[in-house]
Amino acid sequence: MTIKDYVVMEKAKLKTLVESMPVKPHLFIIQVNDDEASTTYVNGKLRDCAEVGVRADLMKLPITISQADLIKEIDKLNKNPDVHGLIVQMPLPKQIDEEAIKFAVNPLKDVDGFHPFSKMTACTPKGIVDYLTFEGITFQGKNAVVIGRSNIVGKPLAKLLTSKNANVTILHSKTKPEDMNFYLEHADIVCIAIGHKGFLTGEHLKKTAVVVDVGINRFEGKLYGDAEPNLNVALQTPVPGGVGLLTRLTLIKNLIEAYQHGI
Ligand code: NAP
């Protein structure tokens, strides 16, 4: 099944679940930037919420806001029992430390899964593992290679794959090319999240490999992944229409989970 069809099916299930809830889960998004890509992501999240029937609000704050004032706003929402999920859209203006903001969100409401004590798993890794599981991919004893070690994708994805008993190797910008080739040749599952258009070619991959392309690279008005498209492998997630959709779907799942923790 394509990721698009999978997401439509999963959203329909979530909509039915939400219809049965007397009080609807409520997401609150804080945006502190005029960034075009962020606005597109925020609008996408608001549309998803409307589609599934959960409540969503957006608060836009001036880009000159101080870190202390932003934390005060977060704190009000942390304490508001009517708000079940809270997102602070990244990136943030230079005067604000993103890590401090991730720590400021109540872990019970942290639907992005960025806080170290969050009850929820980060959206992109969880979305990937849920989809691969739906596709019948198993993880136990598989060689999984994660290229990229960011706190929002690479590291939590490696952790999640480890919890599924995969043999996980994390590669990064300091990995020697010959070592990267070695690990790719032995990989059953390759997840790439580095932000380099077409970095992963099929050269060293097994035909039975599964390739998860997390990268989103804008080039001449179009979106490209970190892998070359149409590799000769068993399964490859496309860009666009791939991991981005899974991430958005998982945000709604995490919101419902946060709501259920709170009742
Ligand atoms: P990031 O914070 O930009 O970090 C990039 C990672 O890639 C770093 O760990 C870096 O290694 C590694 N890297 C860079 N160049 C490399 C190279 N030549 N070889 C091997 N590793 C290399 O990462 P991110 O925030 O996870 O984003 C990565 C990509 O995923 C971006 O395109 C982003 O837009 C996309 N993304 C997509 C979604 C989605 O829902 N589809 C969600 C989040 C991010 P070092 O640690 O050594 O610097």
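So, R0 is 41 Å and r is the distance between the beta-carbons of residue 150 and residue 21; what FRET efficiency does that work out to, to 0.05?
Efficiency for this residue pair is about 0.75.
Using the number of other C-beta atoms within 10 angstrom as an exposure proxy, rank 191, 49 with the fewest first.
Result, fewest neighbours first: 49, 191.
At 7 Å along Cα-to-Cβ for each site, give me the label-to-label distance between residue 38 and residue 67 in nm.
Output for this residue pair reads 1.6 nm.
Output needed: percent of Cα pairs per 10 Å distance bin for region 87-138, bins running from 0 to the one holding the longest distance.
Histogram of Cα-Cα distances, whole percents per bin: 25, 40, 24, 10, 1.
State which entries of 60/109; 94/159; 11/119 exceed 25 angstrom in Cα-Cα distance in the structure shown.
The pairs that break the limit, which is 25 Å between Cα atoms, are 94/159.
Any idea what angle helix 123-134 forms with the longest principal axis of the chain, computed on alpha-carbon atoms, 0 to 90 degrees, nearest 10?
Once rounded, one gets 50 degrees.
Roughly speaking, what is the stretch gain from residue 181 to residue 47, that is 0.36 nm per residue apart minus the C-alpha to C-alpha distance, in nm to one decimal?
Gain on extension, residue 181 to residue 47, equals 44.1 nm.
If you build a Gaussian network model of the chain, linking Cα atoms that sit under 10 Å apart, which residue out of 226, 34, 48 swings the most?
The residue with the greatest mean-square fluctuation here is 34.
Just to confirm the number: angle between the C-alpha axis of helix 154-163 and the first principal axis of the chain, 0 to 90 degrees, nearest 10?
Between helix and principal axis, roughly 80 degrees.
What whole-number distance in Å separates the alpha-carbon centres of region 243-259 and region 207-228?
A separation of 21 Å, based on Cα centres.
For the chain, set up a Gaussian network in which alpha carbons nearer than 10 Å are linked by springs, and say which option among 103, 182, 139 fluctuates the most.
Its mean-square fluctuation being the largest, the pick is 182.
Which value in nm describes the separation of the simple spin-label points at residue 217 and residue 99, placed 7 Å from the Cα toward the beta carbon?
Each label point is offset 7 Å from its Cα along the Cβ direction, giving 2.8 nm.
Let me know the Kirkwood hydrodynamic radius for the chain, please, with Cα pairs as the basis and the value in Å to one decimal.
One decimal place: 19.2 Å for the Kirkwood radius.
At what distance in angstrom do the alpha carbon centres of region 9-29 and region 42-69 lie from each other?
A separation of 17 Å, based on Cα centres.
To the nearest 10 degrees, how steep is helix 3-19 against the longest Cα principal axis of the chain, on a 0 to 90 scale?
Taking the Cα atoms of the chain, the angle to 3-19 is about 30 degrees.
Every read-out reported here was derived from the displayed coordinates using simple, explicitly stated rules and does not represent laboratory data. As the structure is a computational prediction, the values presented were derived from the model and not from experiment. Virtual Cβ from ideal backbone geometry, glycine too; neighbours counted across all protein chains shown.
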